[in-house]
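Scroll down for the structure; my scribbles are underneath it.
The values are calculated or read from the model by the stated rules, or taken from the named source; none is laboratory data. Quick caveat, the model's predicted, so the values are computed rather than measured. Heads up, the Cβs are rebuilt from the backbone with ideal geometry, glycines too, and the neighbour counts pull from every protein chain shown.
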Amino acid sequence: MIRPRVIPTLLLKGRGLYKTVKFADPKYIGDPINTMRIFNDKEVDEIAVLDITASREGRGPDMDQIAEIVSECFMPLAYGGGITRLDQAMALFQAGVEKVILNSAAVERPELITEISKAAGAQAVVVAIDVKKPLIGGAKVYTHGATRKTALDPLSWAQEAQKRGAGEILLTSVDREGTMSGYDITLTKAVSEALTIPVIACGGAASLLDFAAVLKDGQASAVAAGSMFVFQGPHRAVLISYPARAELKRLAEDAKGQ
Amino acid sequence: MSYVAVIDYGAGNIGSVLNMFKKVNVPAQAAATASSIEGASRILLPGVGAFDHCMHAFDTSGLRPAVEHAVHAAKKPLLGICVGQQMLLEGSDEGELPGLGWVRGRVRRFADMPGRRIPHMGWTEVHSTAQHPLLAGFDETPTFYFVHSYHPECADPTNIMATADYDGAFTCAVRAGNIAGVQFHPEKSHRYGMKLFTNFAGWNPQA
């Protein structure tokens, strides 16, 4: 059986890596190339790099910077941020990126999912869905770094993304992101159950127990985390870490009981 | 100078593959012309995307005759990766176009099963079923990164190099003389991939 993937997410802002809380208050983590080298040495399963200002600034991916990051990366890498066209996705694949992560552009023009999926295969297309739950009313999908509310509900948008050719869903709870208060298991379970493609749970991880819970109870296929892998201790000192192989193996055995 | 020709026919993750060869100090170059294939000592056939898309791109690239000559007449070692491996077989459930047919059998889709999500995506142990130099010298069962919905089904079991398990065993590596293919992605599989690429650089099928 397959071991659930544990995926660090790195947030690019200009030339640096940052970590946010609820998509705000970016804190500087370090240099992307150096951080990638450290994750590489730790033999992480897969890595996701998200340019968090590209869509908001209305620009495309910084190809030179991405090529530099990829050259230090001997694990699968997914990149998201500012991708609005097929040719940008193809250039990213050519540079050594395995998967593109679509978010704002997929909501604005869902055909983009199909175009890239047809050209590169569904496995190369991740649709990221950022979800906010208001105190009253249903959960909604947000775009442009959670600055714009859409009328979409996460479940039906995830199903449409799958139908249009997405190979995976990166499901993020904006309310939990960076808070280290655990994943939104209810949301993850609802989306996972409605899909046949893998769902990566994101937002809120603080420990391996959170991973186990969302894999088992939330039926996620993979887990993504940011703060947990870049901060240490109550004062959030920057320290890159990743679970040991034996811990991940145990995690897989626990999740198998789902 | 001997080098690996990484066939650049417009349907492969050339960047990652070249990157990994560089990491293990094996000279390699993207090969988009017949002469760069003729000059190479080994061939790597990558492939990403749909089966027909890759076959069509390979056929129209004009590189197929040079690769066929390198493999069949000059007997150079060839390694296919992912769809580059699937192309070695006679055809695929995914497409209409015939494969290269250098390995007998077809490429099949994973059957739908409750609880089994397709594509199969992630790290899975690879179990060697043949004493093949490409999978030799690992000090533990190697784990490789997979991402695929289709896998080879060999007509002749002696062509199976390795299997993996995804709610049932499937063939994840094939061999036929100087030809080999792997379903997984050694170029994205950390030290396991480094070892496999190093093995490929030292593989001498005629010896």
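Let me spell it out: the conditions are (1) without any contact (Cβ under 8 Å) to a residue 60 or more places away in the chain; (2) more than 19 Å from B:P119 (Cβ to Cβ); (3) away from chain B (no Cβ under 14 Å); (4) not acidic (D, E), and A:A246 meets all of them except one. Which number is the exception?
Result: A:A246 fails condition (3) only.
What about A:K149, is it over 25 Å from A:A206 (Cα atoms), among the basic types (K, R), at pLDDT 95 or above and touching a strand residue (DSSP E or B) at 6+ places or on another chain (Cβ under 9 Å)?
Answer is yes for this residue.
State which residue pairs qualify: first residue within 13 Å of chain B (Cβ to nearest Cβ) and inside the range A:75-98, second residue in a loop (DSSP other than H, G, I, E, B) and acidic (D, E) in any location, beta carbons under 6 Å apart, and separation of 6 or more residues or different chains.
Final answer for the pair search is A:M75/A:E46; A:P76/A:E46; A:P76/A:E98; A:L77/A:E98.
I'd like to verify a number: residues in the range B:70-86 that are in a helix (DSSP H, G or I) and surrounded by 19 or more Cβ atoms within 10 Å (Cβ to Cβ), how many?
Going through the range B:70-86 one residue at a time, the tally reaches 6.
For the range B:87-98: of the residues being under 27 Å from B:Y192 (Cβ atoms) and in contact with an Asp or Glu (Cβ under 9 Å, 6 or more places away or on another chain), which is surrounded by the most Cβ atoms within 10 Å (Cβ to Cβ)?
Only one residue fits best here, namely B:L89.
Mind telling me which of the residues A:L155, A:L112 ends up being modelled with pLDDT of 95 or more, surrounded by fewer than 23 Cβ atoms within 10 Å (Cβ to Cβ) and more than 14 Å from chain B (Cβ to nearest Cβ)?
Only one candidate qualifies: A:L155.
Say we look at the range B:1-31 and pick out the residues that are small (G, A, S) and crowded, with 24+ Cβ neighbours inside 10 Å; which of these is farthest from the other protein chains (Cβ to nearest Cβ)?
B:A5
Please state which one of B:T129, B:T124, B:T143 is in contact (Cβ under 8 Å) with a residue 24 or more places away in the chain, under 23 Å from A:A122 (Cβ atoms) and more than 14 Å from the chain's Cα centre (by Cα).
Working: B:T129 fails: under 23 Å from A:A122 (Cβ atoms); B:T143 fails: under 23 Å from A:A122 (Cβ atoms).
Exactly one of B:T129, B:T124, B:T143 is in contact (Cβ under 8 Å) with a residue 24 or more places away in the chain, under 23 Å from A:A122 (Cβ atoms) and more than 14 Å from the chain's Cα centre (by Cα), namely B:T124.
For the range B:87-187, which strands (runs of 3 or more DSSP E) that fit wholly inside it have 3 or more residues that are within 12 Å of another protein chain (Cβ to nearest Cβ)?
By residue number, B:120-125, B:143-148.
Answer yes or no as to whether B:P46 is surrounded by 20 or more Cβ atoms within 10 Å (Cβ to Cβ) and either modelled with pLDDT under 95 or touching a strand residue (DSSP E or B) at 6+ places or on another chain (Cβ under 9 Å) (or both).
For B:P46, the condition - surrounded by 20 or more Cβ atoms within 10 Å (Cβ to Cβ) and either modelled with pLDDT under 95 or touching a strand residue (DSSP E or B) at 6+ places or on another chain (Cβ under 9 Å) (or both) - is met.
Can you find a residue in the range A:2-22 that is within 14 Å of chain B (Cβ to nearest Cβ) and of a type in the set (D, E, K, R)?
Yes: the range A:2-22 contains one or more residues that are within 14 Å of chain B (Cβ to nearest Cβ) and of a type in the set (D, E, K, R).
In the range A:232-239, is there at least one residue being of a type outside the set (A, V, I, L, M), touching a strand residue (DSSP E or B) at 6+ places or on another chain (Cβ under 9 Å) and either assigned to a strand (DSSP E or B) or free of Cβ contacts under 8 Å to residues at least 40 places away in the same chain (or both)?
We begin by selecting, within the range A:232-239, every residue of a type outside the set (A, V, I, L, M); these are A:232-236.
Now narrow it down to the ones that are touching a strand residue (DSSP E or B) at 6+ places or on another chain (Cβ under 9 Å): A:232, A:236.
From what's left, either assigned to a strand (DSSP E or B) or free of Cβ contacts under 8 Å to residues at least 40 places away in the same chain (or both): A:232.
So far as the range A:232-239 goes, yes, one or more of its residues are of a type outside the set (A, V, I, L, M), touching a strand residue (DSSP E or B) at 6+ places or on another chain (Cβ under 9 Å) and either assigned to a strand (DSSP E or B) or free of Cβ contacts under 8 Å to residues at least 40 places away in the same chain (or both).
Which of the residues belonging to the range B:1-44 are of a type in the set (F, W, Y) and not in a loop (DSSP other than H, G, I, E, B)?
B:F21
Spot the failing condition for A:Q162; the list is (1) at negative phi; (2) touching a helix residue (DSSP H, G or I) at 6+ places or on another chain (Cβ under 7 Å), and only one is missed.
Result: A:Q162 passes all but (2).
Do you know which of the residues in the range B:188-207 that are part of a loop (DSSP other than H, G, I, E, B) and more than 11 Å from every other protein chain (Cβ to nearest Cβ) is modelled with the lowest pLDDT?
Selected residue: B:A207.
Could you list, in sequence order, all residues of the range A:168-184 that are away from chain B (no Cβ under 14 Å) and not in a loop (DSSP other than H, G, I, E, B)?
Answer for the range A:168-184, where residues must be away from chain B (no Cβ under 14 Å) and not in a loop (DSSP other than H, G, I, E, B): A:L171, A:T172, A:S173.
What residue, of A:E43, A:E72, is on the phi > 0 side of the Ramachandran plot and crowded, with 16+ Cβ neighbours inside 10 Å? Steps first, answer last, please.
Details: A:E72 fails: on the phi > 0 side of the Ramachandran plot.
Selected residue: A:E43, the only one of A:E43, A:E72 that is on the phi > 0 side of the Ramachandran plot and crowded, with 16+ Cβ neighbours inside 10 Å.
Considering only the range A:221-252, how many residues are within 24 Å of A:A128 (Cβ to Cβ) and hydrophobic (A, V, I, L, M, F, W, C)?
Of the residues in the range A:221-252, 11 are within 24 Å of A:A128 (Cβ to Cβ) and hydrophobic (A, V, I, L, M, F, W, C).
Scanning the range A:124-141 for residues that are in a strand (DSSP E or B) and among the charged types (D, E, K, R), which turns out surrounded by the most Cβ atoms within 10 Å (Cβ to Cβ)?
Among them, the one singled out is A:D130.
Return the residues of the range A:160-185 that are surrounded by fewer than 17 Cβ atoms within 10 Å (Cβ to Cβ) and under 18 Å from the mean Cα position of the chain (by Cα); say none if nothing qualifies.
Across the range A:160-185, the qualifying residues are A:T179, A:S181.
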